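Input: a single structure, listed below in structure tokens.
The values are calculated or read from the model by the stated rules, or taken from the named source; none is laboratory data. Fair warning: this is a prediction, and the values are worked out from it, not measured in the lab. When we count neighbours, we look across all protein chains shown, and the Cβ atoms used for this are built from the backbone with ideal geometry, even at glycine. Remember, those area values only see protein heavy atoms, side chains included, never the ligands or the DNA or RNA. Shrake-Rupley method; radii C 1.70, N 1.55, O 1.52, S 1.80 Å.
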Amino acid sequence: MIHSKKFDYKYMRIAKAVAQENTACLSRKLGAIIVDSKHKVKGVSYNGVPQSLPHADTCESLENYFWPQLTSDDIESIGLMYDLKEEETIKKKFLEMYTDRGTCPRKLLGCGTGDRPLLCNCTHAEVNCITNAACDVSGCVMYCYSPIPCINCAGTIINARIAEVHCLDVTYHEQSLWMFEHADIALVTYGVDDLID
């Protein structure tokens, strides 16, 4: 452990505050901070779309990012909701119904947490945090108000040489556990109730 338990809880509560007060994600409020061994915060971020990109529920994003990734089964399923069969008619109705509605596009298809993440153009808090740090974060600790990081975030954390990851005790990708163990990165988990102020 790089920091004392007292500071670990403090930084987890800060990550929670970042998540709850700042996230732009339409689905989940997740946040992360990176702290070095001298208690200097190196990065702070939350789930959200990359800079300059339209939000996930805008017509532009739905039409140019989300729709092209749909399978024929997805499109057929959407068509059945409106008793429509022709793809362009289905697309037009879909955009009319869901543009600027404040709903994550993945949820519109009934995707569960962690399912088909590429359907949304948001970047996860962990990756945003490393990117926003804009400095060497090797040996630092990442505090995530999120489940155990997904496979993609785990890879980014490993490549950034983060030494320790603190997060909620929820696993969506078992492979992340193996990745952290194999990379010799300490993983410390918390129950949501552990972080009540």
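How long is the stretch 6-84 along each principal axis, judged by its Cα atoms, biggest number first, in Å?
Projected onto the principal axes, the Cα atoms of the stretch 6-84 cover 59, 24, 19 Å.
Pop a pseudo-label 7 angstrom from the Cα along the beta-carbon direction at both Thr103 and Lys38 and give the gap in nm to one decimal.
The answer from the label model is 5.1 nm.
What number in nm² do you get for the chain if you take the convex hull of its Cα atoms and divide its surface by four?
11.7
Skip the ligands, DNA and RNA, and give the accessible area per residue of the stretch 55-193 with a 1.4 Å probe, whole Å².
I get 51 Å² per residue for this part.
If every alpha-carbon in the stretch 116-197 counts as one equal scatterer, what log10 I(q)/I(0) does Debye give at q = 0.11, 0.14, 0.17, 0.26 1/Å?
Debye intensities relative to I(0), on a log10 scale: -0.27, -0.45, -0.66, -1.37.
Could you check the simple spin-label distance between Met81 and Ala134, using points 7 Å along Cα→Cβ, in nm with one decimal?
Between Met81 and Ala134, the label points sit 4.0 nm apart.
Whole Å is fine, so just give me how far the alpha carbon centre of the stretch 79-109 lies from that of the stretch 144-197.
35
Points 7 angstrom from Cα along the Cβ direction at Ala186 and Thr171: gap in nanometres?
2.0
Restricting to the chain, compute how many DSSP beta bridges are antiparallel as a %, nearest 5. Don't skip to the end; give the middle numbers.
Values: 11 of 19 bridges.
That works out to approximately 60 percent antiparallel.
With all pairs of different alpha carbon atoms counted, what Kirkwood hydrodynamic radius in Å does the stretch 106-154 show?
Numbers: mean 1/r = 0.0801 Å⁻¹.
Taking the inverse mean of 1/r over all distinct Cα pairs, the stretch 106-154 comes out at 12.5 Å.
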